[in-house]
1. At a Förster distance of 35 Å, what's the computed FRET efficiency of Thr120 paired with Asp5, Cβ-Cβ distance as r, to 0.05?
2. Can you give the FRET efficiency for Glu110 and Asp55, using 1/(1 + (r/R0)^6), R0 = 30 Å, r = Cβ-Cβ distance, to the nearest 0.05?
3. Tell me which of Phe79, Thr90, Phe20 sits at the most positive position along the dipole axis of the range 1-140, charges placed on C-beta atoms (Lys, Arg +1; Asp, Glu -1).
4. Could you check the simple spin-label distance between Phe152 and Thr90, using points 7 Å along Cα→Cβ, in nm with one decimal?
5. Extending each Cα 7 Å along its Cβ direction at Thr35 and Arg128, get the distance between those two points in nm, one decimal.
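Laboratory data are not the source of any read-out in this text; all were calculated from the coordinates shown. Computed from a predicted model, the values in this text were never measured in an experiment. Positions of Cβ are generated from backbone atoms using ideal geometry, with glycine treated the same way; all protein chains shown enter the neighbour counts.
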Amino acid sequence: MARLDVPPELPEDNKLSCTFANASRIVSLPSSEATIRGFSGASLIIEDEASRVDDDLYRAVRPMLAVSNGALILMSTPFGKRGHFFDEWTAMGTSAMGTSDGGDVWERIEIRATENPRITPEFLAEERRSMGDWWFKQEYLCQFVETVNSVFSYDLVMAAIRPDIKPLFGGVQ
């Protein structure tokens with residue numbers, strides 16, 4: 001905040017939180033489902049690097065918005081075709097964020113590195129060469145690519161699932 005022309009008054013300011021003069025506050029929570037419970041009435045929750053956040057943590061955060069009708073922002077680059085970030089981005093999951101008629105309320109904003117005028121084509125070419133296609137597609141092109149250790153592709157597994165056949169065990173009812 002030191003770069004602001006007029007920094008805000010912060011009655012409380014520490015490594016994990018700050019409180020503004022109008023009583024608004026920002027709290028940084030640990031990435032542990034067991035230690036974040038108890039917060040409520042959040043008006044905004046930002047989940048940074050959402051593709052790397054454990055699904056249990058994501059589900060523990062959502063009830064914090066129940067009373068406030070607050071907003072949830074998931075920000076991330078992809079990390080394979082798995083997890084809540086992938087589910088919400090592709091609308092594959094049974095999201096509680098869906099509308100009562102089954103519609104989708106997420107706003108998706110995608111900006112590839114190739115669209116950013118501050119990133120040169122030369123830099124991107126070197127990154128692709130250095131990190132390989134699998135990482136590059138996710139980190140710079142916003143692509144959900146197959147995990148490298150999958151025996152079957154995501155699309156093949158999804159094509160084998162039918163709603164009229166119940167799983168033998170572990171299925172969601």
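1. Details: r = 31 Å, r/R0 = 0.87.
Result of the calculation: an efficiency of 0.70.
2. On the way: r = 22 Å, r/R0 = 0.73.
According to the calculation, E is roughly 0.85.
3. Of Phe79, Thr90, Phe20, it is Phe79.
4. Reported label-point gap for Phe152 and Thr90 is 1.4 nm.
5. Between Thr35 and Arg128, the label points sit 4.1 nm apart.
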